[in-house]
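Notes follow once the structure below has been shown.
The values are calculated or read from the model by the stated rules, or taken from the named source; none is laboratory data. Here the structure is a predicted model, which means the values were calculated and not measured. Please note: Cβ atoms are built from the backbone with ideal geometry, for glycine as well, and neighbour counts cover all protein chains shown. Protein only, heavy atoms only, side chains kept; ligands, DNA and RNA dropped before computing areas. Shrake-Rupley method; radii C 1.70, N 1.55, O 1.52, S 1.80 Å.
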Amino acid sequence: MKHNIDELSLPKDSRNNQLEVISKNYFRPLFDVGKFVVKEEVIDNGIDFRFEIKKDNNILGFGFNFQLKSSENTEKNLDGSYSKSIELSNIEYLLNNGQPAFYGFYIEQDKTIYFANLKKIIYGLNAKNSNWQEQPNHTIRF
């Protein structure tokens, strides 16, 4: 059995893993614990967070879902927005959950999260191409 840590085969960290942690740490404090129950999904099938809304200390049972994406640095579009490619399977998974849903796109270079409403995304996809569900990926603007 090897005892020298430098000779062991160990899991590697990655910048993607680090960005996921950074983006989630930035994201959580944006939601007031007096107004929201924030539930981070342990198994991420396409939803990172589920939220329930509170009013007067009552948990209402109404909520929404959130999928968080991140990037080290991304060039801005000419209009100042950012673009991110999202897999069709992720869009459809959020859509199938039957609750309002949002995407967040954390840009490390800006240390900012940009938001997009799934309902508006679907509206835009349908307006551009009624067969949008036949494409494997879609570019979402934030």
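Below are the figures for this structure:
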| quantity | calculated |
| --- | --- |
| Using a Förster distance of 35 Å, the FRET efficiency for Val33-Asn4 (Cβ separation, nearest 0.05) | 0.15 |
| Loop GluC sites (Glu not before Pro), segment 1-110 (other Cβ atoms within 10 Å of the site Cβ: 13 or fewer; DSSP) | Glu72, Glu75 |
| Extension gain from Val42 to Ser81, taking 0.36 nm per residue of separation minus the Cα-Cα distance | 11.0 nm |
| Net lengthening on full extension, Lys120/Arg141 (0.36 nm per residue, minus Cα-Cα) | 6.5 nm |
| Within the accessible area of the chain (1.4 Å probe), percent carbon and sulfur | 50 percent |
| Compactness of the chain, expressed as Rg and Dmax over alpha-carbon positions, Å | 18.1, 62 |
| At 1.306 mPa s and 10 °C, Stokes D of segment 64-121 from Kirkwood alpha-carbon radius, µm² per second | 131 µm²/s |
| Whole-number accessible area per residue in Å² for segment 1-99, which is evaluated in the context of all protein chains at 1.4 Å | 70 Å² |
| Three semi-axes of the equivalent ellipsoid, segment 1-74, Cα gyration tensor, whole Å, largest first | 35, 15, 11 |
| Candidate lysines - alpha carbon under 24 Å from Lys69, same-chain residues fewer than 8 apart omitted | Lys12, Lys24, Lys35, Lys39, Lys84, Lys111, Lys119, Lys120, Lys128 |
| In Hz, Karplus ³J(HN,Hα) per residue of segment 71-87 (6.51, -1.76, 1.60; θ = phi - 60°; x = Gly, Pro) | 8, 4, 8, 9, 6, 6, 6, 4, 8, x, 7, 10, 10, 9, 7, 10, 5 |
